[in-house]
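Undergrad: Here it is, the structure in full.
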Amino acid sequence: MNKMLKALGAVSVLCFAQSALAADLVCHLNVKSGGNVYGNGTAHCSGLDFSFGSSTSGSYNIANINKMVKSVIWSGNAKCSGGTSCGVTVRAYSVNQASATILYQDGTWEQTNTATMEYETGK
């Protein structure tokens, strides 16, 4: 029983160490002048302006990468090929989500979290 608890403890430490070093997908939302953005640099960005436009720009960026990247496969609203950053058009009043699969040069890979951007404009 004692050996089993030690083994479980070692596995827990390894899992925590792996998640602490994991890459994070974060978002950055741009709004028109006079608008407000909340959460830039986190996994959930939202913004509001009064431009009465139908869209704005934003980007998804992979943070905390600690290995050499071979390539990145973007999914969701991020329609980029490669690179650790992806510029996107964020439509008003819709949820924009993205995630990425990172392929490292050492042959390993990692799936990021899903990041979300929301944009409102109006009256």
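The values are calculated or read from the model by the stated rules, or taken from the named source; none is laboratory data. This one's a predicted model, so the numbers in the text were calculated from it and none came from an experiment. Please note: Cβ atoms are built from the backbone with ideal geometry, for glycine as well, and neighbour counts cover all protein chains shown. Surface areas here come from the heavy atoms of the whole protein model, side chains and all, with no ligands, DNA or RNA. Shrake-Rupley method; radii C 1.70, N 1.55, O 1.52, S 1.80 Å.
Undergrad: Identify all residues within segment 41-51 that are closer than 30 Å to TYR104 by Cα and open to solvent by less than 70 Å² (accessible area, probe 1.4 Å); write none if there are none. Lay out the reasoning, then the answer.
TA: Quick first cut of segment 41-51, residues closer than 30 Å to TYR104 by Cα only: 41-45.
Answer for segment 41-51, where residues must be closer than 30 Å to TYR104 by Cα and open to solvent by less than 70 Å² (accessible area, probe 1.4 Å): GLY41, THR42, ALA43, CYS45.
Undergrad: Do you know which residues across segment 37-51 are among the hydrophobic types (A, V, I, L, M, F, W, C), within 12 Å of the chain's Cα centre (by Cα) and part of a loop (DSSP other than H, G, I, E, B)?
TA: Taking segment 37-51 as the starting set, the residues that turn out to be among the hydrophobic types (A, V, I, L, M, F, W, C) are 37, 43, 45, 48, 50.
Narrowing the set further to residues that are within 12 Å of the chain's Cα centre (by Cα) leaves 43, 45.
Passing the criteria: only ALA43.
Undergrad: Okay, moving on. Which ones in segment 25-36 are in contact (Cβ under 8 Å) with a residue 60 or more places away in the chain and assigned to a strand (DSSP E or B)?
TA: LEU25, VAL26, CYS27, LEU29
Undergrad: Taking GLY34 as the residue in question, decide whether it is more than 24 Å from ASN113 (Cα to Cα), open to solvent by 40 Å² or more (accessible area, probe 1.4 Å) and not polar (S, T, N, Q).
TA: Working: more than 24 Å from ASN113 (Cα to Cα): yes; open to solvent by 40 Å² or more (accessible area, probe 1.4 Å): yes; not polar (S, T, N, Q): yes.
Answer is yes for this residue.
Undergrad: Looking at segment 52-123, what strands (runs of 3 or more DSSP E) fall wholly within it and have at least 3 residues that are surrounded by 13 or more Cβ atoms within 10 Å (Cβ to Cβ)? Reasoning before the result, please.
TA: Values: elements: 55-63, 69-76, 85-91, 95-104, 109-111, 115-121.
Counting at least 3 such residues, we get 55-63, 69-76, 85-91, 95-104, 115-121.
Undergrad: Right, something else. Pairs please, first residue from segment 56-67 and over 22 Å from TYR104 (Cα atoms), second anywhere and among the charged types (D, E, K, R), Cβ atoms under 9 Å, 6+ apart in sequence or on different chains.
TA: Matching pairs, first to second residue: THR56/LYS32; THR56/ASP49; THR56/ARG91.
Undergrad: Please state which one of ALA22, ALA17, ALA7 is outside any strand (DSSP E or B), at pLDDT 90 or above and not β-branched (Val, Ile, Thr).
TA: On the way: ALA17 fails: at pLDDT 90 or above; ALA7 fails: at pLDDT 90 or above.
One residue alone meets the criteria, ALA22.
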